[in-house]
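Chemist: Structure incoming, see below.
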Amino acid sequence: MSEEQQQLLQRIYQEQQLTESNITLLQQRLELLQAYLTNFRAGLMVLNEIETRKEGEEMLMNVGGSIFVQAKLVNPQSVTRSIGSGVRIEQNVADAKTAVQEQISGLEKQYEKLAEEYQKMIARASVLNSQFQQLAAQVQGQDGTPQSSEE
C-alpha cells in the first residue's frame, strides 16, 4: 500500500467516525425535540379542554405518564405558564394557547432543519462507506494477498 493510499484510507476512516458521531448527536437532538413537541401538544390539548369548561366544573387532568387526577376548575379563564428558568406568568387561556402554538411552530421548524441535516449526514456516511470499501478493495488487489475470513 502506498503512503498516499494509506493516508487517504486513514482520512476517510476518520471522517466516517466523525460523521457517525454527528449522526448519533443529531438523533439524540431529534428525539429531544420530539419529546418537547409531544409535551407542548399535550399542553395545548389540555388548554383546549379547559377553554370549554366552566368554573367549578370537575375534569380529569393529565399530569403526564398516562396519569390523570380529578381536578376542580377554580378559574378556567386563567392559567399559569412557565416561560423558563423557573419564571411563571399568569395568562388567559387564549394567550397561553397562542404562546404554546408559537412554541410548537418553532420546535417543528427546528425539527425539520435537524431532520434535513440528519438525512444529509446519512447520505454522507453512505458515500464515505462506499469510498472506504472501494479504496480498501483497491489496496487489497494491489497487495495481491487474499484476505482470509478470519481477518
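No lab work stands behind these numbers, since they all come straight from the coordinates. Treat the numbers as computed from the prediction; the structure is a model and nothing was measured. For neighbour counting, all protein chains shown are included, and Cβ atoms are generated from backbone atoms with ideal geometry for every residue, glycine included.
Chemist: Would you please give the FRET efficiency between Val63 and Gln27, computed as 1/(1 + (r/R0)^6) with r the Cβ-Cβ distance and R0 = 22 Å, to the nearest 0.05? Please report the intermediate quantities before stating the final value.
Modeler: Values: r = 29 Å, r/R0 = 1.31.
Once the sixth-power term is evaluated, E becomes 0.15.
Chemist: Across the chain, how many lysine pairs, 8 or more apart or on two chains, come within less than 29 Å at their alpha-carbon atoms?
Modeler: 6
Chemist: Follow-up question, since we're still on this one. If you stretched the chain out fully between Ser105 and Arg41, how much longer would it get, using 0.36 nm times the residue separation minus the C-alpha to C-alpha distance? Mind showing how you got there, number by number?
Modeler: Values: separation 64, 0.36 × 64 = 23.04 nm, distance 1.06 nm.
Here the segment from Ser105 to Arg41 would lengthen by 22.0 nm.
Chemist: On to the next question. Taking the Cβ of Lys97 as the center, what net charge do the other residues with Cβ under 15 Å away carry, scoring Lys and Arg +1 and Asp and Glu -1?
Modeler: Its environment carries a net charge of -2.
Chemist: Nearest 500 deg cm²/dmol is fine: what mean residue ellipticity at 222 nm does the chain get from its DSSP H runs of n ≥ 4 alone, each adding -39,500 (n - 2.57), divided by its residue count?
Modeler: Working: 2 runs with 100 residues, N = 151.
Counting only the DSSP helices, I get -25000 deg cm²/dmol.
Chemist: Moving to a separate point now. For the residue pair Gln10 and Asn92, what label-to-label distance in nm results when each label sits 7 Å from Cα along the Cα-to-beta-carbon direction?
Modeler: 6.9 nm
Chemist: In the P(r) worked out for the chain, what percent of Cα pairs fall beyond 20 Å? Walk me through the numbers before you get to the answer.
Modeler: On the way: 7538 of 11325 pairs.
Looking at the chain, the distances longer than 20 Å represent 67 percent of pairs.
Chemist: Return the distance in nm (one decimal) between the two label points of a simple spin-label model at Ser85 and Ala71, each offset 7 Å from Cα along Cα→Cβ.
Modeler: Taking the two extended label points, one gets 2.6 nm.
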